[in-house]
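The values are calculated or read from the model by the stated rules, or taken from the named source; none is laboratory data. Note that the structure is a prediction, hence the values are computed from the model and not measured. Positions of Cβ are backbone-derived with ideal geometry, glycine not excepted, and every protein chain shown enters the neighbour counts.
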Amino acid sequence: MHGVAGGPRSAPCLCRKGVSVGVTAGYGYPEDFQNADFFVREESETLSLSLRKLIFGRTNVIVAEEIAARYAVAAEYPDAVDNLKYSEMALQENPMHVAFSRERPDHIEVRDRFNEALAEMRKDKTLKEILEFHVVSKLMQ
């Protein structure tokens, strides 16, 4: 989960009193961040709305999962792709996993086929190409 700072302004520090920080309802922000009272939270119902507020200057920064933010910006606000800066330090790191329903009799086979295909995609660089196409390849370095 990274901070995303707007383009023309300098990126304000989250620790500076009065900074307007965009957050998205339902995200699992770190407890310390949720309990902090030295910045102003600007909550939105969706990541897209949080990004819109950032792009149009209603917030100084937003805190979002970087892959989701990069993808949403590229898909919904392509003119803003080069105007946003992402923090280099994450507030929190969350491993991502794919879940398979145990109600499927073949769930173990499906999981194993998925894992094999993902390993092959990493090996032959297909995964990298997909991530580059969706403007999130920087995250796989």
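Couple of notes before you dig in:
- Filtering segment 75-93 to residues that are of a type outside the set (S, T, N, Q) and surrounded by 11 or more Cβ atoms within 10 Å (Cβ to Cβ) leaves 75, 76, 77, 80, 81, 84, 85, 86, 90, 91.
- Exactly one residue out of 110, 40, 63, 19 is touching a residue at least 12 places away in the same chain (Cβ under 8 Å) and under 24 Å from residue 131 (Cα atoms): that is 63.
- Residue in segment 42-51 that is in a loop (DSSP other than H, G, I, E, B) and at pLDDT below 95 present: no
- Within segment 44-84, the residues that satisfy the criterion of being of a type in the set (S, T, N, Q) and in contact with a helix residue (DSSP H, G or I) (Cβ under 7 Å, 6 or more places away or on another chain) are 44, 48, 59.
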